[in-house]
1. Please give the Cα centre distance for the range 225-251 versus the range 97-143, rounded to the nearest Å.
2. May I ask you to give the solvent-accessible area per residue for the range 38-146, in square angstrom, as obtained with a 1.4 angstrom probe?
3. At 1.4 Å probe size, what's the solvent-accessible area of I124? Round to the nearest 10 Å².
4. To one decimal place, what orientation-averaged projected area in nm² is obtained for the convex hull of the Cα set of the range 38-146?
5. Hey, what did the chain get for relative contact order, percent, Cα under 8 Å, at least 6 apart?
6. Counting other Cβ atoms within 10 Å of each Cβ, which GluC sites (Glu not before Pro) in the range 57-134 have at most 12 and sit in a DSSP loop?
7. Find me the longest stretch of the chain that has none of the exposed trypsin sites (Lys or Arg not before Pro), where exposed means in a DSSP loop (not H, G, I, E or B) with at most 15 other Cβ atoms within 10 Å.
8. How compact is the chain by the rule of thumb for globular proteins, expressed as Cα Rg over 2.2 N^0.38 Å?
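The values are calculated or read from the model by the stated rules, or taken from the named source; none is laboratory data. Given the structure is predicted, the values throughout are model-derived calculations rather than measurements. Glycine also receives a Cβ, built like all others from the backbone with ideal geometry; neighbour counts cover every protein chain displayed. Accessible surface areas use protein heavy atoms only, side chains included; no ligands, DNA or RNA. Shrake-Rupley method; radii C 1.70, N 1.55, O 1.52, S 1.80 Å.
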Amino acid sequence: MPKPFSSPSKQRVAALRRAYQLMRARYGHLRWWPGETPFEVCVGAILTQNTNWGNVERAIANLKAAGVLEPKKLFALSEGDLAKLIRHAGYFNVKARRLRSFLRLLVDEFAGDLRRLFAGETPIVRERLLAVHGIGPETADSMLLYAGGHHSFVIDAYTKRIFQRHGWWNGEVQSLKFKVQSSKATSAKGNPVQDYDLLKVLCEHSLNENPSSERLDYWQDYHAQLVMVGKDFCRPRQPRCEECPLKPLLPKES
Ligand code: SF4
(Lines give C-alpha, C1' and ligand atoms only; values in the text may rest on other atoms or scores of the structure.)
Protein backbone atom coordinates (compact mmCIF):
# COMPACT_ATOMS: atom_id res chain seq x y z
CA MET A 1 0.00 0.00 0.00
CA PRO A 2 1.51 3.37 -1.00
CA LYS A 3 2.11 5.91 1.74
CA PRO A 4 -0.75 8.37 2.16
CA PHE A 5 0.09 12.03 1.96
CA SER A 6 -1.74 15.15 2.85
CA SER A 7 -2.27 16.77 -0.50
CA PRO A 8 -2.58 20.51 -0.98
CA SER A 9 -6.11 21.71 -1.22
CA LYS A 10 -6.17 22.46 -4.96
CA GLN A 11 -4.66 19.09 -5.79
CA ARG A 12 -7.11 17.37 -3.54
CA VAL A 13 -10.09 19.13 -5.09
CA ALA A 14 -8.83 18.21 -8.56
CA ALA A 15 -8.29 14.61 -7.46
CA LEU A 16 -11.77 14.31 -5.99
CA ARG A 17 -13.33 15.61 -9.19
CA ARG A 18 -11.16 13.33 -11.33
CA ALA A 19 -12.13 10.37 -9.13
CA TYR A 20 -15.73 10.77 -10.17
CA GLN A 21 -14.81 10.75 -13.85
CA LEU A 22 -12.82 7.56 -13.38
CA MET A 23 -15.50 5.77 -11.38
CA ARG A 24 -18.26 6.91 -13.70
CA ALA A 25 -16.30 5.68 -16.71
CA ARG A 26 -16.11 2.24 -15.06
CA TYR A 27 -19.64 1.89 -13.73
CA GLY A 28 -21.77 4.33 -15.69
CA HIS A 29 -24.45 6.31 -13.85
CA LEU A 30 -25.67 4.11 -11.01
CA ARG A 31 -29.16 5.59 -10.56
CA TRP A 32 -29.20 5.36 -6.79
CA TRP A 33 -30.95 4.95 -4.37
CA PRO A 34 -32.77 1.68 -5.10
CA GLY A 35 -36.29 2.52 -3.94
CA GLU A 36 -39.57 3.15 -5.73
CA THR A 37 -40.71 6.07 -3.56
CA PRO A 38 -39.09 8.59 -1.19
CA PHE A 39 -40.78 6.81 1.70
CA GLU A 40 -39.28 3.49 0.65
CA VAL A 41 -35.87 5.19 0.52
CA CYS A 42 -36.31 6.41 4.11
CA VAL A 43 -37.38 2.99 5.35
CA GLY A 44 -34.45 1.42 3.49
CA ALA A 45 -32.02 3.94 5.02
CA ILE A 46 -32.97 2.75 8.51
CA LEU A 47 -33.11 -0.94 7.62
CA THR A 48 -29.71 -0.95 5.93
CA GLN A 49 -27.87 -0.05 9.15
CA ASN A 50 -25.39 -2.88 9.88
CA THR A 51 -26.64 -5.22 7.19
CA ASN A 52 -26.30 -5.78 3.47
CA TRP A 53 -28.74 -4.51 0.92
CA GLY A 54 -30.01 -7.98 -0.06
CA ASN A 55 -31.46 -8.41 3.43
CA VAL A 56 -33.08 -4.98 3.25
CA GLU A 57 -34.73 -5.90 -0.05
CA ARG A 58 -36.28 -8.98 1.52
CA ALA A 59 -37.61 -6.95 4.44
CA ILE A 60 -39.05 -4.30 2.12
CA ALA A 61 -40.62 -7.00 -0.05
CA ASN A 62 -42.36 -8.32 3.08
CA LEU A 63 -43.70 -4.85 3.89
CA LYS A 64 -44.99 -4.47 0.35
CA ALA A 65 -46.59 -7.92 0.35
CA ALA A 66 -48.37 -7.02 3.61
CA GLY A 67 -49.61 -3.78 2.01
CA VAL A 68 -48.15 -1.57 4.76
CA LEU A 69 -45.38 0.34 3.02
CA GLU A 70 -46.92 3.74 3.65
CA PRO A 71 -46.49 5.97 6.67
CA LYS A 72 -49.80 5.67 8.49
CA LYS A 73 -50.26 1.95 7.86
CA LEU A 74 -46.73 1.19 8.99
CA PHE A 75 -47.14 3.30 12.12
CA ALA A 76 -50.42 1.52 12.94
CA LEU A 77 -48.55 -1.77 13.35
CA SER A 78 -47.42 -2.79 16.81
CA GLU A 79 -43.65 -2.84 17.35
CA GLY A 80 -43.78 -6.63 17.54
CA ASP A 81 -45.67 -7.03 14.26
CA LEU A 82 -43.32 -4.58 12.55
CA ALA A 83 -40.29 -6.47 13.89
CA LYS A 84 -41.65 -9.73 12.42
CA LEU A 85 -42.12 -8.17 8.99
CA ILE A 86 -38.59 -6.74 8.89
CA ARG A 87 -36.84 -9.73 10.48
CA HIS A 88 -34.71 -10.36 7.38
CA ALA A 89 -32.94 -7.02 7.91
CA GLY A 90 -31.36 -8.21 11.18
CA TYR A 91 -31.45 -6.42 14.56
CA PHE A 92 -35.17 -6.37 13.88
CA ASN A 93 -36.28 -5.33 17.37
CA VAL A 94 -33.88 -2.38 17.37
CA LYS A 95 -34.83 -1.40 13.84
CA ALA A 96 -38.55 -1.70 14.55
CA ARG A 97 -38.09 0.76 17.42
CA ARG A 98 -36.08 3.11 15.22
CA LEU A 99 -38.58 2.92 12.40
CA ARG A 100 -41.40 3.71 14.78
CA SER A 101 -39.49 6.70 16.13
CA PHE A 102 -39.13 8.03 12.61
CA LEU A 103 -42.79 7.27 11.85
CA ARG A 104 -43.88 9.04 15.02
CA LEU A 105 -42.21 12.21 13.79
CA LEU A 106 -43.57 11.81 10.28
CA VAL A 107 -47.15 10.90 11.20
CA ASP A 108 -47.69 12.87 14.40
CA GLU A 109 -45.93 16.09 13.40
CA PHE A 110 -46.20 16.10 9.61
CA ALA A 111 -49.43 14.16 9.00
CA GLY A 112 -47.50 11.39 7.24
CA ASP A 113 -46.45 13.80 4.49
CA LEU A 114 -42.76 13.44 3.65
CA ARG A 115 -42.76 16.63 1.60
CA ARG A 116 -43.72 18.54 4.71
CA LEU A 117 -41.09 16.78 6.79
CA PHE A 118 -38.41 17.64 4.24
CA ALA A 119 -39.57 21.24 3.78
CA GLY A 120 -37.13 23.93 4.90
CA GLU A 121 -33.45 24.72 4.90
CA THR A 122 -31.19 21.68 4.76
CA PRO A 123 -29.50 22.24 8.17
CA ILE A 124 -32.87 22.61 9.86
CA VAL A 125 -34.34 19.47 8.29
CA ARG A 126 -31.13 17.61 9.09
CA GLU A 127 -31.37 18.57 12.76
CA ARG A 128 -35.00 17.43 12.71
CA LEU A 129 -33.95 13.98 11.51
CA LEU A 130 -30.93 13.74 13.80
CA ALA A 131 -33.17 14.32 16.79
CA VAL A 132 -34.97 11.02 16.07
CA HIS A 133 -33.84 8.01 18.08
CA GLY A 134 -31.66 5.76 15.92
CA ILE A 135 -31.04 8.24 13.10
CA GLY A 136 -27.37 9.20 12.91
CA PRO A 137 -25.61 11.42 10.39
CA GLU A 138 -25.23 8.79 7.66
CA THR A 139 -28.89 7.76 7.81
CA ALA A 140 -30.07 11.37 7.97
CA ASP A 141 -27.93 12.41 5.02
CA SER A 142 -29.06 9.38 2.99
CA MET A 143 -32.67 10.41 3.56
CA LEU A 144 -31.94 14.04 2.76
CA LEU A 145 -29.96 13.36 -0.40
CA TYR A 146 -31.95 10.49 -1.90
CA ALA A 147 -35.49 11.08 -0.59
CA GLY A 148 -35.65 14.74 0.31
CA GLY A 149 -33.89 16.40 -2.61
CA HIS A 150 -31.46 18.17 -0.26
CA HIS A 151 -27.81 18.84 -1.03
CA SER A 152 -26.36 16.85 1.82
CA PHE A 153 -23.37 14.66 1.00
CA VAL A 154 -23.35 11.18 2.54
CA ILE A 155 -20.22 9.87 4.25
CA ASP A 156 -19.77 6.22 5.09
CA ALA A 157 -17.02 3.78 5.99
CA TYR A 158 -16.14 3.27 2.32
CA THR A 159 -15.67 7.01 1.84
CA LYS A 160 -13.37 7.28 4.84
CA ARG A 161 -11.27 4.29 3.82
CA ILE A 162 -10.85 5.41 0.21
CA PHE A 163 -10.06 9.00 1.20
CA GLN A 164 -7.50 7.93 3.79
CA ARG A 165 -5.76 5.51 1.46
CA HIS A 166 -5.43 8.22 -1.17
CA GLY A 167 -4.23 10.84 1.27
CA TRP A 168 -7.29 13.00 0.68
CA TRP A 169 -8.23 12.86 4.31
CA ASN A 170 -6.30 12.24 7.50
CA GLY A 171 -8.71 13.80 9.93
CA GLU A 172 -6.99 17.17 9.77
CA VAL A 173 -8.93 20.31 10.51
CA GLN A 174 -6.47 23.17 10.33
CA SER A 175 -5.29 22.62 6.78
CA LEU A 176 -8.76 22.89 5.33
CA LYS A 177 -8.87 26.26 3.65
CA PHE A 178 -12.54 26.79 4.19
CA LYS A 179 -14.15 27.46 7.52
CA VAL A 180 -16.47 24.88 8.96
CA GLN A 181 -19.43 26.96 9.91
CA SER A 182 -20.47 26.68 13.50
CA SER A 183 -23.93 25.40 12.55
CA LYS A 184 -22.33 22.50 10.75
CA ALA A 185 -19.69 21.91 13.33
CA THR A 186 -22.02 20.76 16.05
CA SER A 187 -24.27 17.78 15.83
CA ALA A 188 -27.94 17.81 16.75
CA LYS A 189 -27.14 16.25 20.07
CA GLY A 190 -24.67 19.00 20.93
CA ASN A 191 -21.55 16.91 20.42
CA PRO A 192 -18.38 18.60 19.24
CA VAL A 193 -17.62 18.43 15.57
CA GLN A 194 -16.80 14.92 14.42
CA ASP A 195 -14.77 13.45 11.58
CA TYR A 196 -18.04 12.75 9.81
CA ASP A 197 -19.01 16.42 9.70
CA LEU A 198 -15.57 17.58 8.60
CA LEU A 199 -15.31 15.04 5.81
CA LYS A 200 -18.81 15.93 4.69
CA VAL A 201 -17.96 19.63 4.51
CA LEU A 202 -14.73 18.81 2.66
CA CYS A 203 -16.72 16.89 0.02
CA GLU A 204 -19.42 19.51 -0.25
CA HIS A 205 -16.86 22.31 -0.75
CA SER A 206 -14.74 20.33 -3.19
CA LEU A 207 -17.54 18.90 -5.32
CA ASN A 208 -19.40 22.10 -6.06
CA GLU A 209 -18.19 22.65 -9.62
CA ASN A 210 -21.59 21.93 -11.17
CA PRO A 211 -24.49 24.36 -11.10
CA SER A 212 -26.81 23.76 -8.17
CA SER A 213 -29.45 22.23 -10.47
CA GLU A 214 -27.04 19.41 -11.41
CA ARG A 215 -25.42 18.95 -8.03
CA LEU A 216 -28.06 16.74 -6.47
CA ASP A 217 -27.65 14.08 -9.13
CA TYR A 218 -23.85 14.49 -8.98
CA TRP A 219 -23.67 13.95 -5.23
CA GLN A 220 -26.16 11.10 -5.33
CA ASP A 221 -24.11 9.33 -7.96
CA TYR A 222 -20.76 10.22 -6.38
CA HIS A 223 -21.68 8.46 -3.14
CA ALA A 224 -23.05 5.48 -5.06
CA GLN A 225 -19.79 5.20 -7.01
CA LEU A 226 -17.73 5.25 -3.80
CA VAL A 227 -19.85 2.45 -2.38
CA MET A 228 -19.26 0.35 -5.50
CA VAL A 229 -15.50 0.94 -5.40
CA GLY A 230 -15.48 0.18 -1.69
CA LYS A 231 -17.31 -3.09 -2.17
CA ASP A 232 -15.55 -4.24 -5.31
CA PHE A 233 -11.98 -3.10 -4.68
CA CYS A 234 -11.19 -1.12 -1.56
CA ARG A 235 -11.62 -3.84 0.99
CA PRO A 236 -10.37 -3.42 4.56
CA ARG A 237 -7.62 -5.94 3.89
CA GLN A 238 -5.86 -6.58 0.61
CA PRO A 239 -7.38 -3.83 -1.54
CA ARG A 240 -7.45 -4.72 -5.23
CA CYS A 241 -5.70 -1.58 -6.45
CA GLU A 242 -4.47 -3.11 -9.72
CA GLU A 243 -8.00 -3.49 -11.06
CA CYS A 244 -9.53 -0.44 -9.38
CA PRO A 245 -10.67 2.62 -11.39
CA LEU A 246 -9.04 4.88 -8.78
CA LYS A 247 -5.58 3.38 -9.21
CA PRO A 248 -4.33 6.38 -11.25
CA LEU A 249 -5.00 8.58 -8.22
CA LEU A 250 -2.96 6.62 -5.71
CA PRO A 251 -0.21 8.67 -4.08
CA LYS A 252 3.23 7.99 -5.53
CA GLU A 253 5.50 5.76 -3.48
CA SER A 254 8.09 7.86 -1.69
S1 SF4 B 1 -8.54 -0.32 -4.00
FE2 SF4 B 1 -8.91 1.46 -5.29
S3 SF4 B 1 -9.76 3.00 -3.93
FE4 SF4 B 1 -8.78 1.46 -2.65
S5 SF4 B 1 -6.68 2.21 -2.29
FE6 SF4 B 1 -6.63 0.83 -4.08
S7 SF4 B 1 -6.86 2.19 -5.85
FE8 SF4 B 1 -7.55 3.32 -4.04
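1. So the two Cα centres are separated by 33 Å.
2. 44 Å²
3. 100 Å²
4. 5.8 nm²
5. Reported relative contact order: 28 percent.
6. Hits after loop and neighbour filter: E121.
7. The reported range is 32-176.
8. Here the answer is 1.05, to two decimals.
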